[in-house]
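Structure first, commentary second.
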Amino acid sequence: MDEARDDIAQLQALIEGASQIVVFTGAGISTESGIPDFRSPTGIWSQTTPIYFEDFVASETARREAWRRKFVIDRDIVDAEPNRGHRAVAKLVRVGKVTSVITQNIDNLHQNSGIPAKQIIELHGNGTYANCLTCRTRYELGRIKEAFEADDRPPSCTFCGGHVKAATISFGQAMPDAEMARARQEALACDLLLAIGSSLVVYPAAGFPVLAKENGAQLVILNREATDLDRLADLVINREIGPTLGEVADVN
Ligand SMILES: [Zn+2]
């Protein structure tokens, strides 16, 4: 346990010494809330062919299948609550140490932990609501699910007739410009980037820790397993996220 204490002390010192911290999170912070990592070897995308964005737009069959899968996946997600790791990040935001959280996650758990939405940058969108692809009108999932179960037809927009899709970034869909630009800005402005629970292999998202490091920030990687970017980091901690961050931020 002395090594764990040493890791925690080192991370506390880095946080203490930093004035503007950006937190970058991946699936690993949410697996402790019971949300499966879809990209892991046992995750759904290794067992099912993903539906590409262009197919969703072009085919009603693809849209129906996408919504059918969405509601199956959601059974594991709807009851998930923020865990100790999310709460620790929220505290670091609250005390003004962390200016923004860049996340690859779509589960809304950072918002649910109390972090203001304007300080969260979602690179892969959000799976807890839907949007019209044409006019961007927001739709709640509960009503879509009810209608879909009644008539088995993929939802379309009440206002413009456009296709309604979960507000996530699908395979083959462009990364969101505004979020990418903001994430880039934040990565360049910070003096410490804390990468939590990401295997740091999915680009362009994983480029932000590299960008921060190359621009002079310190880089800390906290992940259960080793990552591709460990050699770049000033501190690497391969441990459970919730217990580690909870100790670091003194949060239960
Ligand atoms: Zn519309």
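Counting only residues that are closer than 18 Å to Gly125 by Cβ, open to solvent by 10 Å² or more (accessible area, probe 1.4 Å) and out of contact with any Lys or Arg (no Cβ under 9 Å at 6 or more places or on another chain), how many does the stretch 190-208 have?
Final tally of qualifying residues: 2.
In the stretch 37-50, which residues are closer than 22 Å to Thr103 by Cα and either modelled with pLDDT of 65 or more or touching a Gly at 6+ places or on another chain (Cβ under 7 Å) (or both)?
Let us first name the residues in the stretch 37-50 that are closer than 22 Å to Thr103 by Cα, namely 37-46, 50.
The answer is Asp37, Phe38, Pro50.
Which one is farthest from Ala174 (Cα to Cα), of the residues in the stretch 209-243 that are open to solvent by less than 10 Å² (accessible area, probe 1.4 Å) and in a helix (DSSP H, G or I)?
Ranking the qualifying residues of the stretch 209-243, first place goes to Gly242.
Pull up the stretch 164-183, narrow it to residues that are more than 16 Å from the chain's Cα centre (by Cα) and surrounded by 17 or more Cβ atoms within 10 Å (Cβ to Cβ), then point me to the one that is nearest to the ligand (Cβ to nearest atom).
Val164
For Ala178, work out the one condition from (1) modelled with pLDDT of 95 or more; (2) assigned to a loop (DSSP other than H, G, I, E, B) it doesn't fulfil.
(2)
Specify which of the listed residues (His110, His124) is closer than 21 Å to Gly26 by Cβ and surrounded by fewer than 22 Cβ atoms within 10 Å (Cβ to Cβ). Give the steps one after another, and end with the answer.
On the way: His110 fails: surrounded by fewer than 22 Cβ atoms within 10 Å (Cβ to Cβ).
The unique qualifying residue is His124.
Hey, could you check the stretch 121-157 for residues that are under 29 Å from Tyr203 (Cα atoms) and among the small types (Gly, Ala, Ser) and say which is farthest from the ligand (Cβ to nearest atom)?
Residue satisfying both the conditions and the ranking: Gly127.
Could you tell me whether Arg64 is more than 19 Å from Arg184 (Cα to Cα), open to solvent by 30 Å² or more (accessible area, probe 1.4 Å) and away from the ligand (no atom under 16 Å from the Cβ)? Write out each step before concluding.
Working: more than 19 Å from Arg184 (Cα to Cα): yes; open to solvent by 30 Å² or more (accessible area, probe 1.4 Å): yes; away from the ligand (no atom under 16 Å from the Cβ): yes.
Spelling it out, Arg64 is indeed more than 19 Å from Arg184 (Cα to Cα), open to solvent by 30 Å² or more (accessible area, probe 1.4 Å) and away from the ligand (no atom under 16 Å from the Cβ).
Pairs only if they're at least six apart or on different chains, beta carbon under 7 angstrom, first in the stretch 160-188 and of a type outside the set (A, V, I, L, M, F, W, C), second within 16 Å of the ligand (Cβ to nearest atom) and part of a strand (DSSP E or B); list them, first residue then second.
Gly162/Cys132; Gly162/Ser156; His163/Ser156; Lys165/Ala130; Lys165/Asn131
Looking only at the stretch 72-85, decide whether some residue is within 18 Å of Gly162 (Cβ to Cβ), surrounded by fewer than 20 Cβ atoms within 10 Å (Cβ to Cβ) and either within 16 Å of the ligand (Cβ to nearest atom) or among the small types (Gly, Ala, Ser) (or both).
no
The values are calculated or read from the model by the stated rules, or taken from the named source; none is laboratory data. Computed from a predicted model, the values in this text were never measured in an experiment. Because the Cβ atoms are built from the backbone with ideal geometry, glycine has one as well, and the counts that use them run over all protein chains shown. To get the accessible areas, we keep the full protein, side chains included, count just its heavy atoms, and leave off ligands, DNA and RNA. Shrake-Rupley method; radii C 1.70, N 1.55, O 1.52, S 1.80 Å.
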